[in-house]
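Values quoted throughout were computed directly from the atomic coordinates according to the rules given, and no laboratory measurement underlies them. Remember, it's a predicted structure, so these values are computed and weren't measured experimentally. Cβ atoms come from the backbone with ideal geometry, glycine included; neighbour counts cover every protein chain shown.
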Amino acid sequence: MPTTRPRVNLTLTEMEQRFLEEIVTEGTVEHEMYVDYRRRSGLDVVTPPALADVVHVLLELGLQRLHEEAAEISYAAEAAAETEEDRAISAQLHRNLAASATRNDG
């Protein structure tokens, strides 16, 4: 099993290139957002960041968003497939849980 990560070559559009340049330029809003994200994530803040680091963070953010969207779609499909009987069972389980919690509090 290889110990190195796969390498990827990217051809950036002019807009993507400008955006990345803004992120690596101290004093820009984009740079501050990048630094804030790294801090909130508990990651080291390297100034100025390398383009590869920025692309890695953006890829991670994009993958997180895709995962969130897939979960939303899955939850919506599950809710749409739920029958009246399923809802009745869920309601009864909820009532039982609430009653049990009330008994344990008293």
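Brief remarks follow.
- Qualifying residue in the range 75-86 (condition: free of Cβ contacts under 8 Å to residues at least 24 places away in the same chain, surrounded by 10 or more Cβ atoms within 10 Å (Cβ to Cβ) and either of a type in the set (S, T, N, Q) or in a loop (DSSP other than H, G, I, E, B) (or both)): yes
- Some residue of the range 52-60 being surrounded by 10 or more Cβ atoms within 10 Å (Cβ to Cβ), part of a helix (DSSP H, G or I), of a type in the set (D, E, K, R) and within 14 Å of the chain's Cα centre (by Cα): yes
- Residue match in the range 25-45 (condition: surrounded by 11 or more Cβ atoms within 10 Å (Cβ to Cβ), touching a residue at least 24 places away in the same chain (Cβ under 8 Å) and among the aliphatic types (A, V, I, L, M)): no
- Where a residue in the range 46-64 is under 16 Å from V8 (Cα atoms) and its partner, wherever it lies, is assigned to a helix (DSSP H, G or I), with Cβ under 7 Å and at least six apart: L51/L20; L51/V24; V54/L20; V54/I23; V54/V24; V54/Y34; V57/Y34; V57/Y37
- Taking every residue in the range 6-20 that is free of Cβ contacts under 8 Å to residues at least 12 places away in the same chain and pairing it with any residue that is among the aromatic types (F, W, Y), at least 6 positions away or on another chain, the pairs with Cβ-Cβ distances below 9 Å are L12/F19.
- Verdict on L43 being under 19 Å from G62 (Cα atoms), assigned to a loop (DSSP other than H, G, I, E, B), aliphatic (A, V, I, L, M) and out of contact with any Lys or Arg (no Cβ under 7 Å at 6 or more places or on another chain): yes
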